[in-house]
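Presented below is the structure to which this report refers.
The values are calculated or read from the model by the stated rules, or taken from the named source; none is laboratory data. Note that the structure is predicted; figures quoted are calculated from it, not measured. Positions of Cβ are generated from backbone atoms using ideal geometry, with glycine treated the same way; all protein chains shown enter the neighbour counts.
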Amino acid sequence: MKVIQRTYWVLFAVISLLWWLADDVLAARGFFPLRSSLVNFSGLLAMGAMSLAMLLAVRPALLERRLGGLDKVYRLHKWLGISALVLSAIHWGWAQIPKWLVGWGLLEKPARKGLGAPQEGILGWFHSQRGLAESIGEWAFYAAVVLIVLALVKRFPYRYFFKTHRLLALVYLLLAFHGLVLMKPEYWAAPLAPLFALFMLLGCIAAVVSLTRRIGLRRRVLGEVLELERHPDNRVLRVTLRLQDRWPGHEAGQFAFVTFDPQEGPHPFTISSAWREDGLLTFLIKAIGDYTAALPQRLKLGDQAVVEGPYGRFDFQGRKAAQIWIGGGIGITPFIARLQWLAKQRREQAVDLFYCTSEPDEAFIARLRLLARQAGVRLHLLVSQRDGRLTPERLCEAVPGWRDADVWFCGPLAFGNSLRQGLVERGMSAEDFHHELFDMR
């Protein structure tokens with residue numbers, strides 16, 4: 001989390017510094033000169049947030065590695081989207097509200113300045129397009145507000161979100177034109193405008209990649225449904241795919257985007273099998289929405305699927321010799337893959353696995369017990385109705401050597417935050433608590 005927090009604040013700090021060096025805000029006298037500077041500043045911040053969000057949307061491998069996994073990439077993408085929405089609203093407010101106040105007689109209209117020396121070349125063309133850019137920017141802003149709000153409403157069906165969210169790439173292209181044309185001419189003599197133009201160019205390339213549906217194209221392989229097994233008590237469907245194309249292999253803890261229905265689009269699922277170079281991938285899919293709840297009835301043996309991946313950095317590479325794994329509900333999935341890997345490697349490592357569930361399925365638990373025994377992992381089963389909730393106190397009692405272990409958690413966000421806070425208060429370093437942020441929306 002620290003990496004994405006640092007990236008978030010560094011982005012806005014760099015933009016602010018470049019704007020401060022390029023703008024004459026300190027020389028502003030009166031409301032309207034100050035307003036002009038703040039219109040530019042808020043617009044730059046909004047476009048900076050949108051540009052980085054657009055880059056992150058195409059899942060670049062380099063940024064995934066630097067930010068600690070695609071789950072962290074999408075968390076930063078979400079923060080930037082919300083920030084862009086707020087900053088765009090502020091930008092719109094600075095641009096529009098003073099005009100209304102002038103019209104209502106509450107503000108005195110500023111004296112019109114002379115035209116000054118005519119601009120030549122590309123800056124002259126930009127000047128001639130200002131009216132068009134302002135109109136495009138205003139309507140693109142309204143579209144962005146609607147699309148971003150829809151993306152944040154969890155009740156908005158994923159199959160529609162998948163389609164409408166891509167329209168933000170088109171909106172971004174329109175806003176990039178708006179921002180480039182309306183860039184203050186004086187900014188081009190400073191590092192601000194050239195660097196920002198390059199940043200927006202990268203964002204535009206990413207937008208085109210999104211609009212042409214080429215995101216993750218080189219990581220896509222075809223697969224066929226080989227096995228289906230339903231666990232009714234915990235509403236989990238085990239799906240095994242036989243891949244028809246070359247798969248680069250994956251590490252335990254990684255996930256992939258799987259498309260069973262092109263109209264629904266790709267959904268992220270953690271891979272629950274270790275890679276054995278046999279062309280088989282297994283996914284455990286929890287019925288947590290209309291789409292996943294209907295999969296047991298809709299999927300059939302032999303159905304085709306598209307798999308894109310692998311992604312993620314939930315790699316079990318910690319600083320301590322011992323490890324504590326905590327799987328909340330379907331969050332047990334990455335640990336099942338790791339159990340298979342450990343059983344195959346026969347690696348000596350002190351590992352305690354806590355499986356916390358409110359929907360116990362005997363066949364599912366029996367298989368988990370077998371895997372844990374084969375891997376030499378100590379399994380702790382907590383059924384919430386019978387055993388209550390796992391707390392930091394209970395964890396420390398169950399694993400006396402917890403201070404010498406890394407913690408790896410996958411499950412509900414609030415549950416993970418509670419455990420992390422409690423363990424940190426007891427002396428654990430925050431760096432030793434690894435939390436998979438498996439929320440791609």
- Within segment 352-371, residues being aromatic (Phe, Trp, Tyr) and over 21 Å from VAL239 (Cβ atoms) number 1
- Hey, among the residues in segment 37-51 that are among the hydroxyl-bearing types (Ser, Thr, Tyr) and touching a residue at least 40 places away in the same chain (Cβ under 8 Å), which one's surrounded by the most Cβ atoms within 10 Å (Cβ to Cβ)? SER51
- Note on the structure: Taking segment 235-258 and the residues there that are buried (at least 19 other Cβ atoms within 10 Å of the Cβ) and among the small types (Gly, Ala, Ser), the one that is farthest from PHE269 (Cα to Cα) would be ALA252
- Query: So GLY327 fits all but one of (1) surrounded by fewer than 16 Cβ atoms within 10 Å (Cβ to Cβ); (2) at pLDDT 95 or above; what number is the exception?
  - Reply: (1)
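State whether the residues of segment 124-146 include one that is in a loop (DSSP other than H, G, I, E, B) and within 26 Å of LEU87 (Cα to Cα).
Yes.
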- Task: Filter segment 178-210 down to residues that are assigned to a helix (DSSP H, G or I), over 22 Å from the mean Cα position of the chain (by Cα) and surrounded by fewer than 18 Cβ atoms within 10 Å (Cβ to Cβ), then give me how many there are.
- Result: 8
- Task: For segment 242-254, state whether one or more residues are within 21 Å of the chain's Cα centre (by Cα) and under 18 Å from PHE162 (Cα atoms).
- Result: no
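For segment 156-171, check the following and say yes or no: at least one residue is under 25 Å from TRP19 (Cα atoms) and not in a helix (DSSP H, G or I).
No, every residue in segment 156-171 fails to be under 25 Å from TRP19 (Cα atoms) and not in a helix (DSSP H, G or I).
Looking at GLU277, GLU348, GLU362, GLU308, which one is among the acidic types (Asp, Glu) and under 22 Å from LYS72 (Cα atoms)?
One residue alone meets the criteria, GLU308.
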- Query: Mind checking which pairs have a first residue in segment 271-283 that is more than 14 Å from ASP245 (Cβ to Cβ) and a second that is among the basic types (Lys, Arg) and at pLDDT 95 or above, Cβ under 7 Å, 6 or more apart or different chains?
  - Reply: THR282/ARG238
- Message: I'd like the residue in segment 425-437 that is closer than 13 Å to GLY68 by Cα and surrounded by 12 or more Cβ atoms within 10 Å (Cβ to Cβ) and, out of all such residues, is modelled with the lowest pLDDT.
- Response: LEU437
- Counting only residues that are in contact (Cβ under 8 Å) with a residue 60 or more places away in the chain and assigned to a helix (DSSP H, G or I), which one in segment 16-36 is nearest to ALA140 (Cα to Cα)? ARG35
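Does GLY309 satisfy the criteria of being crowded, with 24+ Cβ neighbours inside 10 Å and touching a His at 6+ places or on another chain (Cβ under 8 Å)? Before the answer, list the steps.
Values: crowded, with 24+ Cβ neighbours inside 10 Å: yes; touching a His at 6+ places or on another chain (Cβ under 8 Å): yes.
In short, yes.
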- Task: Among the residues of segment 1-29, write down those that are small (Gly, Ala, Ser) and surrounded by 13 or more Cβ atoms within 10 Å (Cβ to Cβ).
- Result: SER16, ALA22, ALA28
- Pairs under 7 Å by beta carbon, first residue within 16 Å of PRO33 (Cα to Cα) and touching a residue at least 12 places away in the same chain (Cβ under 8 Å) in segment 98-112, partner of a type in the set (A, V, I, L, M) and part of a helix (DSSP H, G or I), six or more apart or different chains? LEU107/LEU101
- Can VAL225 be described as within 28 Å of PHE269 (Cβ to Cβ), modelled with pLDDT of 95 or more and in contact with a helix residue (DSSP H, G or I) (Cβ under 7 Å, 6 or more places away or on another chain)? no
- Given LEU123, LEU107, which one is surrounded by fewer than 17 Cβ atoms within 10 Å (Cβ to Cβ), over 28 Å from the mean Cα position of the chain (by Cα), hydrophobic (A, V, I, L, M, F, W, C) and farther than 25 Å from LEU173 by Cβ? LEU107
- Item | Matching helices (runs of 4 or more DSSP H) fully within segment 344-399 where at least 3 residues are crowded, with 19+ Cβ neighbours inside 10 Å | 362-375
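Rundown of residues vs (1) touching a helix residue (DSSP H, G or I) at 6+ places or on another chain (Cβ under 8 Å); (2) over 21 Å from LEU182 (Cα atoms); (3) modelled with pLDDT of 95 or more, yes/no style:
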{"position": "TRP9", "(1), (2), (3)": "no, yes, yes"}
{"position": "LEU18", "(1), (2), (3)": "yes, no, yes"}
{"position": "MET47", "(1), (2), (3)": "yes, no, yes"}
{"position": "LYS72", "(1), (2), (3)": "yes, yes, no"}
{"position": "ALA89", "(1), (2), (3)": "yes, no, yes"}
